Amino acid sequence: MRGGEKAIMRRQIPVWAAICLIAVVAVSSAMFVWALTSLKVIRGTSFVEYRGDIEIADFKFVSDTAVAVTIRTNVSPTPSCTITVSGAGISGSKSIAAGWASPTTVTIPITGALTSGTITIEITT
């Protein structure tokens, strides 16, 4: 080295090390979100319970007083059932008659005020 110059060392990490580091960060982030969801810190988590051959394809809040739940089945003719929404400060249910077209979206009126916690959507036949 000449007077006053500093030696600069360049160090490169191998590609496999970079890929492993990215994978560790991704898995850590996923585990952190899972932990927060399990602890009910993240609002809007849900537990969907399946009954028989009817399954819940989707659900969303359409207003402060209603939840739209999309259900589907491979059973023909489709059976009558009751969809119940409960938890996180809200509750509501609606019965539908046999013979509905699959998939179908059912709007369920709810009462209460939504709070943090788990929402359970249950189908009984």
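The values are calculated or read from the model by the stated rules, or taken from the named source; none is laboratory data. What you are looking at is a predicted structure, and each value in this text was computed from that prediction instead of being measured. Here the Cβ is made from the backbone with ideal geometry for all residues, glycine too, and neighbour counts use every protein chain on show.
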Worksheet, complete the sentence: Flagged in the stretch 82-116 as polar (S, T, N, Q) and part of a loop (DSSP other than H, G, I, E, B), in numbering order, are Ser102, Thr115, Ser116
Practice prompt. Could you list, in sequence order, all residues of the stretch 108-124 that are surrounded by 13 or more Cβ atoms within 10 Å (Cβ to Cβ) and among the polar types (S, T, N, Q)?
Written response: Thr118, Thr120, Thr124
Worksheet item: In this structure, does Ser86 turn out to be out of contact with any Ser or Thr (no Cβ under 8 Å at 6 or more places or on another chain) and either farther than 15 Å from Glu55 by Cα or touching a residue at least 60 places away in the same chain (Cβ under 8 Å) (or both)?
Response: no
Worksheet, complete the sentence: Selection from the stretch 38-76 of residues more than 18 Å from Gly112 (Cα to Cα), at pLDDT below 50 and not in a strand (DSSP E or B) yields Ser38, Leu39, Lys40, Val41, Ile42, Tyr50
Worksheet item: In the stretch 21-29, is there at least one residue being under 23 Å from the mean Cα position of the chain (by Cα), among the hydroxyl-bearing types (Ser, Thr, Tyr) and at pLDDT 85 or above?
Response: no
